[in-house]
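Structure first, then comments.
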Amino acid sequence: MRVETPDTRTVTALAEAASAAPSLHNAQPWRFHYLRGEATFQVRASLDRTLPHSDPHGRALHMGCGAALLNLRVAAAHAGWRPVTTLLPDPYDPRLLATVELVPDGRDGTGGDPEVAALAELYPAIGNRRSSRLPFGEERVPDPVRSALRDAAETEGAQLHFPSAWHITTVLDMTQDAEGRDLAVPGRLEELAQWSETDGGPPARDFAGRLATGDHPAATDPGPPPQLALLGTAEDRTTDWVRAGQAMERVLLEATRHGLSTGLSATAMEWADLRWTDRDPLSEMGQVHAVLRFGHGPGVPATPRRPVSQVLRVENGPRHRAANPPDGTS
Ligand SMILES: Cc1cc2nc3c(=O)[nH]c(=O)nc-3n(C[C@H](O)[C@H](O)[C@H](O)COP(=O)(O)O)c2cc1C
(Lines give C-alpha, C1' and ligand atoms only; values in the text may rest on other atoms or scores of the structure.)
Protein backbone atom coordinates (compact mmCIF):
# COMPACT_ATOMS: atom_id res chain seq x y z
CA MET A 1 0.00 0.00 0.00
CA ARG A 2 1.33 3.46 -0.92
CA VAL A 3 1.58 5.80 2.08
CA GLU A 4 1.06 9.54 1.61
CA THR A 5 4.08 11.33 3.07
CA PRO A 6 5.33 14.94 3.24
CA ASP A 7 8.18 16.08 0.96
CA THR A 8 11.77 16.36 2.19
CA ARG A 9 11.53 20.12 2.76
CA THR A 10 8.54 19.63 5.07
CA VAL A 11 10.22 16.76 6.94
CA THR A 12 13.28 18.98 7.52
CA ALA A 13 11.11 21.91 8.66
CA LEU A 14 9.33 19.65 11.15
CA ALA A 15 12.64 18.46 12.65
CA GLU A 16 13.86 22.08 12.85
CA ALA A 17 10.70 23.11 14.70
CA ALA A 18 11.08 20.16 17.09
CA SER A 19 14.69 21.17 17.80
CA ALA A 20 13.62 24.67 18.85
CA ALA A 21 12.29 23.14 22.10
CA PRO A 22 13.81 24.06 25.47
CA SER A 23 16.18 21.62 27.18
CA LEU A 24 18.22 21.63 30.37
CA HIS A 25 21.52 23.50 29.70
CA ASN A 26 20.40 23.58 26.03
CA ALA A 27 21.81 20.04 25.73
CA GLN A 28 19.24 19.18 23.00
CA PRO A 29 19.15 15.48 23.95
CA TRP A 30 17.06 14.35 20.97
CA ARG A 31 17.22 12.75 17.55
CA PHE A 32 14.51 12.36 14.93
CA HIS A 33 14.30 9.43 12.51
CA TYR A 34 11.80 9.80 9.71
CA LEU A 35 10.60 6.49 8.24
CA ARG A 36 9.29 7.58 4.88
CA GLY A 37 7.65 4.23 4.09
CA GLU A 38 5.46 4.63 7.18
CA ALA A 39 5.12 8.44 7.15
CA THR A 40 6.29 8.20 10.77
CA PHE A 41 8.74 10.18 12.89
CA GLN A 42 10.56 8.52 15.75
CA VAL A 43 11.57 10.85 18.60
CA ARG A 44 14.63 9.29 20.22
CA ALA A 45 16.74 10.16 23.28
CA SER A 46 20.34 10.99 22.37
CA LEU A 47 22.35 9.23 25.04
CA ASP A 48 25.59 11.07 24.15
CA ARG A 49 23.92 14.26 25.40
CA THR A 50 22.91 13.18 28.90
CA LEU A 51 23.81 15.21 32.01
CA PRO A 52 24.84 12.62 34.63
CA HIS A 53 25.55 15.21 37.36
CA SER A 54 22.67 17.64 36.77
CA ASP A 55 20.06 15.11 35.63
CA PRO A 56 21.05 11.76 37.15
CA HIS A 57 17.61 10.14 36.73
CA GLY A 58 16.91 11.49 33.21
CA ARG A 59 13.80 13.49 34.14
CA ALA A 60 15.04 16.62 32.34
CA LEU A 61 16.14 14.59 29.31
CA HIS A 62 12.66 13.11 28.96
CA MET A 63 11.04 16.52 29.50
CA GLY A 64 13.21 18.16 26.83
CA CYS A 65 12.35 15.36 24.39
CA GLY A 66 8.68 15.72 25.34
CA ALA A 67 8.88 19.44 24.53
CA ALA A 68 10.48 18.60 21.16
CA LEU A 69 7.68 16.09 20.53
CA LEU A 70 5.05 18.78 21.20
CA ASN A 71 6.78 21.14 18.74
CA LEU A 72 6.88 18.34 16.16
CA ARG A 73 3.12 17.78 16.57
CA VAL A 74 2.45 21.53 16.28
CA ALA A 75 4.58 21.85 13.13
CA ALA A 76 2.95 18.76 11.59
CA ALA A 77 -0.51 20.21 12.25
CA HIS A 78 0.59 23.54 10.74
CA ALA A 79 1.72 21.65 7.60
CA GLY A 80 -1.70 19.94 7.29
CA TRP A 81 -0.94 16.57 8.92
CA ARG A 82 -2.67 14.93 11.88
CA PRO A 83 0.11 13.74 14.23
CA VAL A 84 -0.98 10.34 15.59
CA THR A 85 1.31 9.99 18.61
CA THR A 86 2.30 6.96 20.69
CA LEU A 87 4.51 7.39 23.77
CA LEU A 88 7.18 4.79 24.61
CA PRO A 89 5.91 2.31 22.01
CA ASP A 90 8.62 -0.35 22.49
CA PRO A 91 9.66 -1.54 25.99
CA TYR A 92 12.77 -3.17 24.45
CA ASP A 93 13.93 0.13 22.95
CA PRO A 94 13.93 2.68 25.83
CA ARG A 95 15.58 5.37 23.67
CA LEU A 96 12.52 5.40 21.45
CA LEU A 97 10.39 7.92 23.37
CA ALA A 98 7.58 8.39 20.85
CA THR A 99 6.37 7.75 17.32
CA VAL A 100 4.36 10.30 15.36
CA GLU A 101 2.51 9.01 12.31
CA LEU A 102 1.54 11.76 9.88
CA VAL A 103 -1.98 11.32 8.53
CA PRO A 104 -3.40 13.80 5.98
CA ASP A 105 -5.89 16.08 7.73
CA GLY A 106 -8.87 17.78 6.13
CA ARG A 107 -7.47 17.70 2.55
CA ASP A 108 -10.65 16.16 1.13
CA GLY A 109 -12.66 19.28 2.02
CA THR A 110 -14.65 17.54 4.77
CA GLY A 111 -13.02 19.70 7.46
CA GLY A 112 -10.13 18.70 9.69
CA ASP A 113 -9.80 17.62 13.30
CA PRO A 114 -10.34 20.61 15.71
CA GLU A 115 -7.37 19.46 17.84
CA VAL A 116 -5.13 19.68 14.75
CA ALA A 117 -6.38 23.25 14.21
CA ALA A 118 -5.70 24.09 17.89
CA LEU A 119 -2.15 22.74 17.62
CA ALA A 120 -1.54 24.61 14.34
CA GLU A 121 -2.44 27.93 16.01
CA LEU A 122 0.58 27.53 18.28
CA TYR A 123 3.03 27.29 15.37
CA PRO A 124 4.20 30.95 15.23
CA ALA A 125 5.00 30.79 18.96
CA ILE A 126 7.67 28.10 18.38
CA GLY A 127 10.01 30.70 16.87
CA ASN A 128 9.11 33.42 19.38
CA ARG A 129 9.40 31.45 22.65
CA ARG A 130 12.49 32.14 24.79
CA SER A 131 13.65 31.22 28.28
CA SER A 132 14.19 34.58 29.93
CA ARG A 133 16.16 35.13 33.12
CA LEU A 134 15.51 38.88 33.22
CA PRO A 135 13.12 40.57 35.67
CA PHE A 136 9.50 40.85 34.44
CA GLY A 137 7.11 43.80 35.02
CA GLU A 138 4.42 43.91 37.68
CA GLU A 139 1.39 43.62 35.36
CA ARG A 140 -0.69 40.64 36.45
CA VAL A 141 -1.32 37.85 33.95
CA PRO A 142 -5.12 38.14 33.41
CA ASP A 143 -7.35 35.34 34.71
CA PRO A 144 -8.58 34.26 31.24
CA VAL A 145 -4.95 33.79 30.16
CA ARG A 146 -4.20 31.82 33.35
CA SER A 147 -7.18 29.62 32.49
CA ALA A 148 -5.91 29.10 28.94
CA LEU A 149 -2.52 28.06 30.34
CA ARG A 150 -4.17 25.61 32.75
CA ASP A 151 -6.23 24.17 29.87
CA ALA A 152 -3.06 23.77 27.77
CA ALA A 153 -1.48 21.64 30.52
CA GLU A 154 -4.64 19.58 31.00
CA THR A 155 -4.97 18.86 27.28
CA GLU A 156 -1.58 17.15 27.52
CA GLY A 157 -2.49 15.13 30.62
CA ALA A 158 -0.77 17.35 33.20
CA GLN A 159 -1.77 20.09 35.65
CA LEU A 160 -0.69 23.71 36.03
CA HIS A 161 -1.12 25.28 39.46
CA PHE A 162 -0.62 28.98 40.32
CA PRO A 163 0.57 28.89 43.95
CA SER A 164 -0.55 31.36 46.60
CA ALA A 165 1.76 34.20 47.70
CA TRP A 166 3.15 32.32 50.71
CA HIS A 167 3.92 29.27 48.63
CA ILE A 168 5.67 31.35 45.94
CA THR A 169 8.16 32.40 48.63
CA THR A 170 8.80 28.73 49.44
CA VAL A 171 9.25 27.83 45.75
CA LEU A 172 11.72 30.70 45.25
CA ASP A 173 13.65 29.62 48.34
CA MET A 174 13.83 26.03 47.05
CA THR A 175 15.00 27.22 43.62
CA GLN A 176 17.68 29.43 45.15
CA ASP A 177 18.77 26.58 47.42
CA ALA A 178 19.09 24.27 44.39
CA GLU A 179 21.03 26.90 42.40
CA GLY A 180 23.34 27.25 45.40
CA ARG A 181 23.88 23.48 45.55
CA ASP A 182 25.14 23.64 41.94
CA LEU A 183 28.15 25.53 43.31
CA ALA A 184 28.85 22.89 45.94
CA VAL A 185 28.36 19.59 44.11
CA PRO A 186 31.35 18.45 42.03
CA GLY A 187 30.61 18.01 38.35
CA ARG A 188 27.48 20.17 38.11
CA LEU A 189 29.17 23.49 37.28
CA GLU A 190 31.51 21.74 34.84
CA GLU A 191 28.48 20.28 33.09
CA LEU A 192 26.82 23.70 32.86
CA ALA A 193 30.03 25.26 31.52
CA GLN A 194 30.60 22.40 29.05
CA TRP A 195 27.16 22.70 27.44
CA SER A 196 27.17 26.50 27.53
CA GLU A 197 30.47 26.52 25.63
CA THR A 198 29.42 23.86 23.13
CA ASP A 199 26.03 25.23 22.25
CA GLY A 200 25.93 28.80 23.48
CA GLY A 201 23.58 28.00 26.35
CA PRO A 202 22.91 30.15 29.40
CA PRO A 203 25.92 31.41 31.41
CA ALA A 204 24.29 30.79 34.79
CA ARG A 205 21.10 29.46 36.28
CA ASP A 206 19.27 32.46 37.70
CA PHE A 207 15.67 31.50 37.13
CA ALA A 208 14.09 34.38 39.06
CA GLY A 209 16.14 37.03 37.24
CA ARG A 210 17.73 38.50 40.35
CA LEU A 211 21.44 38.40 39.40
CA ALA A 212 23.21 41.04 37.29
CA THR A 213 23.52 40.20 33.57
CA GLY A 214 24.90 42.29 30.67
CA ASP A 215 22.87 45.52 30.62
CA HIS A 216 20.76 44.60 33.64
CA PRO A 217 21.92 45.28 37.22
CA ALA A 218 21.12 42.88 40.02
CA ALA A 219 17.70 43.44 41.61
CA THR A 220 18.24 45.29 44.90
CA ASP A 221 14.54 45.81 45.59
CA PRO A 222 12.89 42.41 45.29
CA GLY A 223 9.57 44.08 44.27
CA PRO A 224 6.35 42.05 43.98
CA PRO A 225 6.77 38.27 43.87
CA PRO A 226 7.21 36.79 40.38
CA GLN A 227 4.20 35.08 38.79
CA LEU A 228 5.02 31.42 39.05
CA ALA A 229 3.17 28.22 38.23
CA LEU A 230 3.95 24.61 39.12
CA LEU A 231 3.63 21.99 36.40
CA GLY A 232 2.93 18.45 37.54
CA THR A 233 1.38 15.07 36.89
CA ALA A 234 -0.34 12.52 39.11
CA GLU A 235 2.48 9.96 38.81
CA ASP A 236 6.23 9.97 38.32
CA ARG A 237 7.10 7.37 35.65
CA THR A 238 9.19 8.01 32.51
CA THR A 239 5.99 8.31 30.50
CA ASP A 240 4.86 11.07 32.91
CA TRP A 241 8.13 12.92 32.29
CA VAL A 242 7.55 12.86 28.51
CA ARG A 243 3.94 13.93 29.07
CA ALA A 244 5.10 16.71 31.42
CA GLY A 245 7.55 17.92 28.76
CA GLN A 246 4.77 18.13 26.19
CA ALA A 247 2.51 19.95 28.65
CA MET A 248 5.29 22.35 29.65
CA GLU A 249 5.94 23.28 26.02
CA ARG A 250 2.23 23.63 25.21
CA VAL A 251 1.86 26.01 28.19
CA LEU A 252 4.97 27.99 27.15
CA LEU A 253 3.75 28.30 23.53
CA GLU A 254 0.27 29.34 24.69
CA ALA A 255 1.84 31.99 26.97
CA THR A 256 4.06 33.20 24.11
CA ARG A 257 0.99 33.41 21.86
CA HIS A 258 -0.57 35.73 24.46
CA GLY A 259 2.49 38.00 24.32
CA LEU A 260 4.00 36.85 27.62
CA SER A 261 7.67 36.34 28.41
CA THR A 262 8.45 33.00 30.02
CA GLY A 263 11.11 31.30 32.09
CA LEU A 264 11.40 27.82 33.50
CA SER A 265 13.33 25.98 36.15
CA ALA A 266 13.58 22.38 37.15
CA THR A 267 16.66 22.86 39.36
CA ALA A 268 14.82 22.04 42.57
CA MET A 269 13.30 18.92 40.97
CA GLU A 270 16.79 17.38 40.83
CA TRP A 271 16.76 17.08 44.65
CA ALA A 272 14.15 14.81 46.25
CA ASP A 273 13.89 16.94 49.42
CA LEU A 274 13.39 20.23 47.53
CA ARG A 275 11.04 18.69 44.97
CA TRP A 276 8.72 17.47 47.70
CA THR A 277 8.72 20.87 49.43
CA ASP A 278 7.92 22.60 46.12
CA ARG A 279 4.60 20.75 46.04
CA ASP A 280 1.74 22.95 47.23
CA PRO A 281 0.12 20.97 50.07
CA LEU A 282 -3.24 22.58 49.24
CA SER A 283 -3.21 21.43 45.61
CA GLU A 284 -4.06 17.95 44.34
CA MET A 285 -0.92 17.85 42.20
CA GLY A 286 1.00 14.67 42.98
CA GLN A 287 4.40 15.22 41.35
CA VAL A 288 5.93 18.58 40.42
CA HIS A 289 8.26 18.57 37.39
CA ALA A 290 8.95 22.24 36.66
CA VAL A 291 8.40 25.78 37.88
CA LEU A 292 7.32 28.22 35.16
CA ARG A 293 7.54 32.03 35.33
CA PHE A 294 5.31 34.38 33.32
CA GLY A 295 5.13 38.13 32.82
CA HIS A 296 5.96 41.03 30.54
CA GLY A 297 9.72 41.34 30.11
CA PRO A 298 12.33 42.68 27.70
CA GLY A 299 13.07 40.62 24.57
CA VAL A 300 15.96 38.17 24.77
CA PRO A 301 17.93 36.67 21.87
CA ALA A 302 17.32 33.11 20.67
CA THR A 303 19.71 30.42 21.92
CA PRO A 304 21.51 28.53 19.12
CA ARG A 305 20.58 25.00 18.06
CA ARG A 306 22.52 22.15 16.42
CA PRO A 307 22.19 22.04 12.60
CA VAL A 308 19.24 19.88 11.55
CA SER A 309 21.63 17.52 9.71
CA GLN A 310 22.91 16.43 13.14
CA VAL A 311 19.50 15.57 14.55
CA LEU A 312 17.50 14.22 11.58
CA ARG A 313 17.92 10.92 9.75
CA VAL A 314 15.55 10.01 6.92
CA GLU A 315 15.05 6.36 5.98
CA ASN A 316 13.59 5.88 2.53
CA GLY A 317 13.02 2.13 2.68
CA PRO A 318 9.76 0.31 2.11
CA ARG A 319 7.03 0.07 4.71
CA HIS A 320 8.39 -1.95 7.68
CA ARG A 321 8.04 -2.23 11.45
CA ALA A 322 9.36 0.92 13.17
CA ALA A 323 10.39 -0.47 16.53
CA ASN A 324 14.08 -1.23 15.90
CA PRO A 325 16.16 0.94 13.56
CA PRO A 326 18.28 -1.29 11.29
CA ASP A 327 21.71 -0.27 12.62
CA GLY A 328 20.61 0.07 16.26
CA THR A 329 21.96 3.62 16.59
CA SER A 330 20.24 6.18 18.79
C1 LIG B 1 13.79 20.37 32.05
C2 LIG B 1 14.38 21.76 31.90
C3 LIG B 1 14.94 22.38 32.99
C4 LIG B 1 15.45 23.67 32.91
N5 LIG B 1 15.96 24.27 34.02
C6 LIG B 1 16.37 25.54 33.96
C7 LIG B 1 16.81 26.20 35.14
O8 LIG B 1 16.83 25.61 36.22
N9 LIG B 1 17.17 27.51 35.06
C10 LIG B 1 17.14 28.18 33.87
O11 LIG B 1 17.47 29.35 33.86
N12 LIG B 1 16.74 27.58 32.72
C13 LIG B 1 16.35 26.28 32.75
N14 LIG B 1 15.90 25.67 31.60
C15 LIG B 1 15.85 26.41 30.33
C16 LIG B 1 17.04 26.08 29.41
O17 LIG B 1 18.23 26.62 29.93
C18 LIG B 1 16.73 26.62 28.01
O19 LIG B 1 15.62 25.92 27.50
C20 LIG B 1 17.89 26.45 27.02
O21 LIG B 1 18.99 27.23 27.42
C22 LIG B 1 17.47 26.88 25.60
O23 LIG B 1 17.03 28.22 25.57
P24 LIG B 1 15.57 28.62 25.10
O25 LIG B 1 14.59 27.96 26.04
O26 LIG B 1 15.52 30.13 25.20
O27 LIG B 1 15.36 28.13 23.70
C28 LIG B 1 15.41 24.36 31.66
C29 LIG B 1 14.85 23.72 30.56
C30 LIG B 1 14.33 22.43 30.67
C31 LIG B 1 13.66 21.77 29.48
So, relative contact order of the chain in percent, Cα under 8 Å, 6 or more apart, is 27 percent
Largest-first ranking of His25, His53 by accessible area, probe 1.4 Å, whole protein assembly kept, is His53, His25
For the stretch 250-260, Karplus-derived ³J(HN,Hα) couplings (6.51, -1.76, 1.60; θ = phi - 60°; whole Hz; x for glycine and proline) come out as 5, 5, 5, 5, 4, 4, 4, 4, 8, x, 8
Residue by residue through the stretch 62-77, the couplings from Karplus 6.51 cos²θ - 1.76 cosθ + 1.60 with θ = phi - 60°, in Hz, x for Gly and Pro, are 5, 5, x, 5, x, 5, 5, 4, 4, 4, 4, 5, 4, 5, 4, 4
Reduced to Cα centres, the span from the stretch 255-324 to the stretch 11-89 in Å works out to 11 Å
Across Glu254, Glu190, Glu270, the residue with the highest GNM fluctuation in the chain (Cα network, 10 Å cutoff) is Glu190
Checking Thr239, Thr85, Thr169 against a Gaussian network model of the chain (alpha-carbon springs below 10 Å), the top fluctuating residue turns out to be Thr169
With a ≥ b ≥ c from the Cα gyration tensor eigenvalues, square-rooted, and the rule rounded for a/c under 1.5, otherwise prolate when a/b > b/c and oblate otherwise, the stretch 34-182 is oblate
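In square angstrom, what is the accessible area per residue of the chain with a 1.4 angstrom probe? Mind showing how you got there, number by number?
Values: 14820 Å² over 330 residues.
I get 45 Å² per residue for the chain.
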Subtracting the Cα-Cα distance of Thr169 and Leu282 from 0.36 nm times their residue separation yields 39.2 nm
GNM on the chain, Cα springs under 10 Å; top mean-square fluctuation among Pro307, Pro142, Pro29 goes to Pro142
For the chain, the percent of all C-alpha pairs falling in each 20 Å bin, from 0 up to the bin holding the max distance, is 33, 58, 10, 0
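Calculate what fraction, in whole %, of the accessible area of the chain sits on carbon and sulfur atoms when a 1.4 Å probe is rolled over the protein chains.
Its accessible area is 53 percent carbon and sulfur atoms.
The values are calculated or read from the model by the stated rules, or taken from the named source; none is laboratory data. This is a predicted model, so every value here is computed, not measured. Only protein heavy atoms, including side chains, enter the accessible area calculation; ligands, DNA and RNA are left aside. Shrake-Rupley method; radii C 1.70, N 1.55, O 1.52, S 1.80 Å.
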